Amino acid sequence: MRISLLHTIDGNRRVFEDAANNLGLRVEDLRHEVRPDLREAVQHAGTFSADLRAQTNRCLLGLAADSDAVILTCATLGPAIEEIESSPIPIVRADAALAAAAGKVGGKIAVLCAVESAIESTGRLFAQHASDIATSVEVIHVAQVWELFKNGDIDECFAAIAASADEAYGTGATVVAFAHPWMAPAVNLARKGSRPLDSAHVALRTVMQQIGGPSLGI
């Protein structure tokens, strides 16, 4: 079995490998492709142009050629998948899998998003996946944690994410979701409410369900 992952942040390799270990999957079955240039181009342009979407999809389909499944881990690039008309294997948007999982929980959904260029698409995505039991979806821009992450202030970054999750639960959120995979380590630092959802665990579970893999625990 081979699961290929398209990242735009190199640190997401470790995040998904840790999630795979937690879920009883073989780290050796993961193949990582890291393309920060795609995300940076979107952020520089201020829009996800047709050309950048096409570049993203060429990369995804190239990975799909010799994989059992592909995961796109970057929320900024996620909308490109909508333009792939057919693929021989599942291509999963990590943020879409996360939105679906949050929608199943329902109630008041709070999504922590660090990158401004991803806020609008993240809001639309979670609204699309909101079930009848979801009362609201709020995307909370946590810009300060992105700066901390980029500057290498990792401990302070994850503490700030956890504090934002606790604040969301404190103001009535039913479930908190972390929009970006690199936020996952902050899950264990949050103290209020239920365990926040992170896209690494959710996306890998989704892939295994689609390709008939082993039963995975939470």
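Looking across segment 72-116, the residues that are buried (at least 18 other Cβ atoms within 10 Å of the Cβ) and among the polar types (S, T, N, Q) come down to THR73, THR76. For segment 136-157, the set of residues classified as under 26 Å from GLY107 (Cβ atoms) and of a type in the set (S, T, N, Q) consists of SER136 only.
For residues in segment 1-26 being surrounded by 14 or more Cβ atoms within 10 Å (Cβ to Cβ) and polar (S, T, N, Q), which is farthest from ILE91 (Cα to Cα)? Checking each candidate, the answer is ASN22. Among the residues of segment 37-82, those identified as among the polar types (S, T, N, Q) and either under 20 Å from ALA203 (Cβ atoms) or modelled with pLDDT under 90 (or both) are GLN43, THR47, THR56, ASN57, SER67, THR73, THR76. On inspection, THR174 does not qualify as surrounded by 15 or more Cβ atoms within 10 Å (Cβ to Cβ) and in contact with a Cys (Cβ under 6 Å, 6 or more places away or on another chain).
Among the residues of segment 27-40, those that are surrounded by fewer than 17 Cβ atoms within 10 Å (Cβ to Cβ) and within 24 Å of ARG124 (Cα to Cα) comprise PRO36, GLU40.
Among the residues of segment 138-188, those identified as outside any helix (DSSP H, G or I), closer than 25 Å to GLN43 by Cβ and either more than 18 Å from the chain's Cα centre (by Cα) or at pLDDT below 95 (or both) are ASN151, GLY152, ASP153, ALA179, HIS180.
The values are calculated or read from the model by the stated rules, or taken from the named source; none is laboratory data. Just so we're clear, the structure is a prediction, and the values are computed from it rather than from any experiment. Positions of Cβ are generated from backbone atoms using ideal geometry, with glycine treated the same way; all protein chains shown enter the neighbour counts.
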